[in-house]
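For reference, the structure discussed in these notes is given below.
All of the numbers you see were taken from the coordinates with simple rules; none came from a lab. Remember, predicted model here, so these are calculated numbers, not experimental data. Positions of Cβ are generated from backbone atoms using ideal geometry, with glycine treated the same way; all protein chains shown enter the neighbour counts.
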Amino acid sequence: MLKRLMVLAVSLAVCGAAGAQRDMALESGLARTPPMGWNSWNHFAGRVTEQDVKDAADALVSTGMRDAGYVYVNIDDTWEGERDAQGVLHANNKFPDMKALGDYIHARGLKFGIYSSPGPRTCARYLASYGHEQQDADLYASWGVDYLKYDLCSFGTLMEAGMADHFDDPDYGNKMMKAAYLKMRTALDKTGRPIVFSLCQYGHDDVWTWGASVGGNLWRTTGDIQDNYASMTKIGFAQGPLAKYAGPGHWNDPDMLEVGNGGMTADEYRTHISLWALLAAPLLAGNDLSKMTPETKSILMNKAVIAIDQDKLGVQGDRVSQSGDLEVWSKPLGGGAVAVGLFNRGTSAAPMTLKLSDVGVKHAVHVSSLWEGANPIVANDEVSVSVPAHGVVLLRIEP
């Protein structure tokens with residue numbers, strides 16, 4: 001352990017220079033728009049099996065979600081087994097053949113994602129990548145992996161040990177963390193396979209200010225989301241100040257979608273995905289795709305809402321105004337259009353009026369509501385709507 005910490009400490013000295021080079025390397029073409037797909041954790045957690053993943057891949061195709069943009073099939077924690085005498089990590093008996101599973105996913109026009117940690121153990125206490133970074137990166141590449149979620153977890157203990165040994169440098173633990181993420185990004189690059197790199201360390205040390213410099217294509221900005229309105233809104237409505245750090249190739253990640261897991265109403269789920277779309281956030285469904293209701297499908301596959309998220313301009317939206325429970329958010333789009341979310345965080349329906357000049361539009365040629373049932377009234381360069389409780393009216397305004 002001490003020897004490994006010493007090796008990591010040496011890498012801290014080069015972290016800054018390598019990070020600067022990494023900013024240029026983001027032009028590789030990875031994650032030019034926020035990644036979309038499915039992740040196993042929110043619904044299956046530690047129960048996930050190979051069959052669950054295959055079922056998700058099949059459902060992405062059969063429901064039309066793949067064609068709507070959901071292409072990543074990401075296995076989260078608890079797939080890991082033991083290392084053999086050569087240090088090669090094997091999957092556990094829930095996943096008998098990871099290469100074959102990757103082939104199954106790819107054969108359906110989808111991409112394969114996996115999970116690990118820079119620490120000795122994952123969050124669920126399975127074996128992780130500490131001390132085996134290049135070996136694991138090579139293994140993932142041999143399986144055809146296209147996406148790696150790298151979760152801080154037990155590396156926190158190593159950070160604490162590093163800080164104890166370097167008490168004269170209060171930032172030493174954070175330097176270790178950045179070096180650990182850069183180490184895996186470098187290992188992934190050496191495989192020659194393009195692999196999206198998702199930093200999952202819950203916004204520690206303002207990751208949005210340095211995530212791109214260690215090769216992150218997206219980084220978690222918050223703790224884990226829960227399938228309830230309070231958790232979703234606490235996370236989502238706090239993202240505005242981070243807008244300037246997002247862009248093509250590197251995105252703020254307020255965590256995965258809970259749409260369809262049953263803890264919120266349809267209006268609340270529409271608020272969830274509308275806000276994530278305005279935030280240019282990754283859209284990673286976290287429900288059981290094989291058991292979706294028509295309502296869940298309509299929320300996840302609203303193509304006009306997805307287009308807001310996937311807009312090529314790559315600008316994250318921000319809050320325009322707030323008055324009590326009522327908030328206005330906007331996001332500039334390619335071609336001069338603007339997406340606007342009128343959110344009602346109150347417990348009863350409320351009228352809202354938007355002055356087009358407040359979102360930079362002098363005159364509107366066309367105002368469209370992206371959810372059924374919302375009928376905006378446009379007059380005198382203002383838009384008036386009724387917004388349901390805990391709901392949203394999402395507009396696309398063409399100037």
P(r) histogram, all alpha-carbon pairs of the range 319-398 included - 5 Å bins from 0, percent: 3, 16, 30, 27, 17, 6, 1, 0
Lysines whose Cα lies under 22 Å from that of K303, excluding same-chain neighbours fewer than 8 positions away: K111, K291, K312, K331
The chain: antiparallel DSSP beta bridges as a percent of all, rounded to 5: 60
Structure-derived Cα extents along the principal axes in Å - corresponding label in [x] 72, 49, 36; [y] 68, 44, 39; [z] 107, 41, 37: [x]
Residue of A281, A56, A230 that the Gaussian network model of the chain assigns the largest fluctuation, springs spanning Cα pairs under 10 Å: A230
Table column - 3J(HN,Hα) (Hz), the range 80-86, Karplus curve with 6.51, -1.76, 1.60, x for Gly and Pro: 7, x, 10, 8, 7, 4, 8
Cα lying deepest toward the dipole's positive end in the range 74-125, options N74, N92, A124, charges on Cβ: N74
The range 197-248 and the range 357-394: distance between their alpha carbon centers, rounded to Å: 28
Mean ellipticity per residue at 222 nm, deg cm²/dmol - from DSSP H runs of n ≥ 4 across the chain, formula -39500 (n - 2.57): -10000 deg cm²/dmol
Gaussian network model of the chain, Cα within-10 Å springs - most flexible of A107, A285, A277: A107
